[in-house]
Amino acid sequence: MSKKLISLILLLSISTFLTGCEEVIELTDTETRLIAEYAGELLLKNDRNYNDRIDQGEKIEKEMEEEALENPEDALSTETTESDSSETSEDAGDNDNNEDEGTNKGNELNSNIDDIDVTDDNNTDSGQQVGTESDIAKILGMNGLSITYKDYIITDHYQPDDSDEQVLSLDASEGYQLLVLRFNINNISGDSLKFTMLDEDVDYRIVCNGKNAANPMLTILLNDLGTMESVISPEESQEGVLVFQISDDMKNKLSTMELKVEYNNGENVITIL
């Protein structure tokens, strides 16, 4: 930058603020900003190392447009690829959402009986043998024992009669009631027997009104018929339970209930209601 230009800027600044040795002119903020911008603009215009970024950006954009005109096929291919990628991502997102919805629906029906039409035919293998045996011990091939349905109760809180510990109890979720199926476990032999369900690969499923189905809840109850372990003396009877959750709306709409017991590729249906 030339010495003359520097001198001109300094002179302009001094003459703006001072008109003499004794008088000082007060400037507004706007006037001060305009002077600073003007001085900065003069510096930039005379700086050989300064490149106007706006002009440079316009130049690059113009070069890209000229290249696209010279090679229209390449430009079209690029746009198509970007469009296909976007559509693929959207389709994948939709599929993931659909899978999540299906999974969530299955989880909701796992142990809850709602007033929703559920097709139960998909859970019955065409090769299964369907029977009407009502003694679960006979279905499982347990000798010396008898496990038969006694009754059911619907309640918002369940605690076994012989349990004084609050931890061994269940409370229904909001909007639901507990459907507790109770069974008599009898030792019909002359010896004490160890009774365990932990090693038995048996599936229970309740079907209400012929269309609403659910599996039992997983509980920590000592008399849960899915995980129960006990020693039963001769002619002694103990109680086992299967617990489901039934919606408040469904509670007063029960007309039929069946318990399906699946074991060794066979299915037996026990009438509850």
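Does any residue of segment 133-150 turn out to be surrounded by 13 or more Cβ atoms within 10 Å (Cβ to Cβ) and at positive phi?
Within segment 133-150, one or more residues are surrounded by 13 or more Cβ atoms within 10 Å (Cβ to Cβ) and at positive phi.
Give the residues of segment 233-266 that are touching a strand residue (DSSP E or B) at 6+ places or on another chain (Cβ under 9 Å) and among the acidic types (Asp, Glu), sorted by residue number.
GLU235, GLU236, GLU239, ASP248, GLU258, GLU262 - these are the residues of segment 233-266 that are touching a strand residue (DSSP E or B) at 6+ places or on another chain (Cβ under 9 Å) and among the acidic types (Asp, Glu).
Given the condition at pLDDT below 95 and under 33 Å from the mean Cα position of the chain (by Cα), answer yes or no: does some residue in segment 190-199 qualify?
yes
Hey, can you tell me all the residues within segment 193-222 that are over 29 Å from ASP249 (Cβ atoms) and in contact (Cβ under 8 Å) with a residue 24 or more places away in the chain?
LEU193, LYS194, PHE195, THR196, MET197, LEU198, GLU200, ASP201, VAL202, LEU222
If a residue has to be within 28 Å of the chain's Cα centre (by Cα) and hydrophobic (A, V, I, L, M, F, W, C) to count, how many in segment 211-233 make the cut?
Number of matching residues: 6.
Could we say that ASP249 is more than 28 Å from the chain's Cα centre (by Cα), charged (D, E, K, R) and outside any strand (DSSP E or B) here?
no
From the list GLU267, GLU262, GLU258, exactly one residue is surrounded by fewer than 18 Cβ atoms within 10 Å (Cβ to Cβ), within 33 Å of the chain's Cα centre (by Cα), at pLDDT 95 or above and part of a strand (DSSP E or B). Which is it?
Numbers: GLU267 fails: surrounded by fewer than 18 Cβ atoms within 10 Å (Cβ to Cβ); GLU262 fails: surrounded by fewer than 18 Cβ atoms within 10 Å (Cβ to Cβ).
Residue meeting the stated conditions: GLU258.
Checking GLU236 against (1) within 23 Å of LEU179 (Cα to Cα); (2) modelled with pLDDT of 95 or more; (3) not hydroxyl-bearing (Ser, Thr, Tyr), which single condition isn't satisfied?
(1)
Would you pick out the residues in segment 188-209 that are closer than 16 Å to ILE139 by Cα and in a strand (DSSP E or B)?
Answer for segment 188-209, where residues must be closer than 16 Å to ILE139 by Cα and in a strand (DSSP E or B): PHE195, THR196, ASP203, TYR204, ARG205.
The values are calculated or read from the model by the stated rules, or taken from the named source; none is laboratory data. Being a predicted model, the structure only gives us computed values, none of them experimental. So basically every Cβ, Gly included, is an ideal-geometry build from the backbone, and we count neighbours across all protein chains shown.
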